Amino acid sequence: MRYKITLLAALFIHLCATAQTPREDIHANIYRSGANYYAYPGPIQQQLTPAPAGYSPYYISHYGRHGSRHLIENSDYDRAYRILMRADSLNKLTSFGKDVLHRVSTIRDDARRRHGELTLLGAQQHQAIGSRMYERFPEVFRGKTPIDAKSTVVIRCILSMENGLQGLLRHNPDLDIRHDASEHDMWYLNFNDRELNKRKMPDDVKKVYDDFCQRHQHHDRIMGLLFNDDNYWKNEVNTQTLVYHLYKLASNLQSTELRHEMTLYDIFNEDELYDNWLQTNAWWYIHYGPCPLNGGISPYSQRNLLRVMIEEADSCLSLPHPGATLRYGHEVCVMPLVCLLELDDFGRPISDLEQLDDEGWACYKIFPMGCNVQLIFYRPDSGEGDILMKVLLNENEARLPLKAVSGPYYKWKDFRDYFLVKLNRFRLDANE
């Protein structure tokens, strides 16, 4: 009875935390409007569902995105800065516009020669994720446990890996760690499927997306806040470029130490911020989600990653104490992997972009900075019986499209069979 009460309580807490609409979510926490710039919030689910009686965890297979970072390109900081600087040189900015320019300049200076690099917050996120992994599953990490950690060759991912390992080592300095970052593994850690990429946004899909964006772009109020001459901004300013880059800067500020000193959210009202998020959410759904407009093929960009995870698990599960396999990469892998796994119904097709938020398909639930997928494996203490597993999405128990044994626990055999069949059926040519 105690097990059932604990399970129901955990499920109730998790459902209550995720039952709100995206608009309600963003109203409650403005940072979620940042989409892929949302700083990792940590797990919603503090208490995990106990394993079925007689089972203990013994192996973890993981893929995680790097932690919070600076924006990647010079243009991410320069576009808004240069538009506002030119207007200021012509005395076309309001006092508020001048203040925004000062803040944008400060953000730009803070990121100078650090484009794309991990921030202090990003390091802290991965230290905490590694520490919680140990605290939640100490049986996996006892003694001289082997840890196989691999990263893409991008420095923010390498540093995220090292910080995650530090989080583990604080609990057990005897861990036997191998860590590597090599082009040798990029074919599955960050597979660039050029042929599939060509099919994500054909002309007909681009028109649907552009029309959707047009319905959600309202810039006049913001332009009136920033500029003192309507004729100037109407004739001289690409308003969409300016608003988009201000939104991007505002969103990523939460990942830097400047978040303690300033904000750019005062540029936007709630509807404007939500409209920017809607456009971003739809872009990610088309490019990396199961969007039926392009045939729903985008999640298969991570077919190599999923196959490797299955094959490596098969190998490790035969060992008496396999430890953990940790992989560090990017959101462009985590999002399609989550959709390919159909976790929490994120693999469902939604044809109307206007219905994405109504259907609860919200990108910030999948891939905040530091997002991760953890496959936790359990074996029977008696040595007889099925191997069980569950999946954590951002450290919260997630549903699979399979029949559960109990709560969030599934048979590894069912998982393996279902997804190998799914992978084997996929042919890019068949989806033309």
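The values are calculated or read from the model by the stated rules, or taken from the named source; none is laboratory data. Here the structure is a predicted model, which is why all the values come from computation and not from measurement. FYI the Cβ positions are ideal-geometry reconstructions off the backbone, even for glycines, and counts take in every protein chain you see. Accessible surface areas use protein heavy atoms only, side chains included; no ligands, DNA or RNA. Shrake-Rupley method; radii C 1.70, N 1.55, O 1.52, S 1.80 Å.
Below, the figures for the structure above:
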quantity	calculated
Contact order relative to length of the stretch 231-387, as percent, for alpha carbon pairs under 8 angstrom and 6 or more apart	20
Nonlocal amide H pairs with Tyr38, under 5 Å, H built at 1.01 Å	Met369
Gaussian network model of the chain, springs between alpha carbon atoms under 10 Å - residue of Glu117, Glu162, Glu311 with greatest fluctuation	Glu311
Net lengthening on full extension, Phe96/Glu384 (0.36 nm per residue, minus Cα-Cα)	96.7 nm
The chain, relative contact order [Cα under 8 Å, separation at least 6], %	28
Long-range HN-HN contacts of Phe227 with modeled amide H, under 5 Å	Thr94
Gaussian network model of the chain, Cα within-10 Å springs - most flexible of Gln46, Gln214, Gln124	Gln214
Of (1) 23.9; (2) 31.9; (3) 21.5, the label for mean projected area of the Cα convex hull in nm² derived from the coordinates	(3)
Local electrostatic count, Thr256, Cβ distance below 11 Å [Lys/Arg +1, Asp/Glu -1]	-1
Accessible area of Arg142 in the full protein assembly, 1.4 Å probe (Å², nearest 10)	130
For q = 0.13, 0.17, 0.23 Å⁻¹, Debye-computed log10 I/I(0) when each Cα of the stretch 320-432 counts as one equal scatterer	-0.60, -0.99, -1.44
From phi via Karplus (6.51, -1.76, 1.60), per-residue ³J(HN,Hα) for the stretch 109-120 in Hz, x at Gly/Pro	5, 4, 8, 4, 6, 10, 4, x, 7, 5, 8, 4
The stretch 120-241, relative contact order in percent, only Cα pairs under 8 angstrom and at least six apart counted	24
Candidates Pro336, Pro173, Pro368, ranked by Gaussian network fluctuation over the chain, Cα under 10 Å, top entry	Pro173
Helical contribution to [θ] at 222 nm, DSSP H n ≥ 4, -39,500 (n - 2.57), averaged over the chain, rounded to 500	-14000 deg cm²/dmol
Nearest-20 debye value, the chain charge dipole, Cβ charges on Lys, Arg, Asp, Glu	720
With every protein chain in place, the chain: carbon and sulfur % of accessible area (1.4 Å)	50
For the stretch 397-407, 3J(HN,Hα) per residue [Karplus equation, 6.51 cos²θ - 1.76 cosθ + 1.60, θ = phi - 60°, Hz, x = Gly/Pro]	4, 10, 8, 10, x, 10, 6, 7, 6, 6, x
Vicinal HN-Hα couplings computed from phi for the stretch 292-308 (Karplus, 6.51 cos²θ - 1.76 cosθ + 1.60; Hz; Gly/Pro x)	x, 4, 10, x, x, 8, 4, x, 6, 4, 9, 5, 5, 4, 5, 5, 5
Local electrostatic count, Arg79, Cβ distance below 10 Å [Lys/Arg +1, Asp/Glu -1]	-1
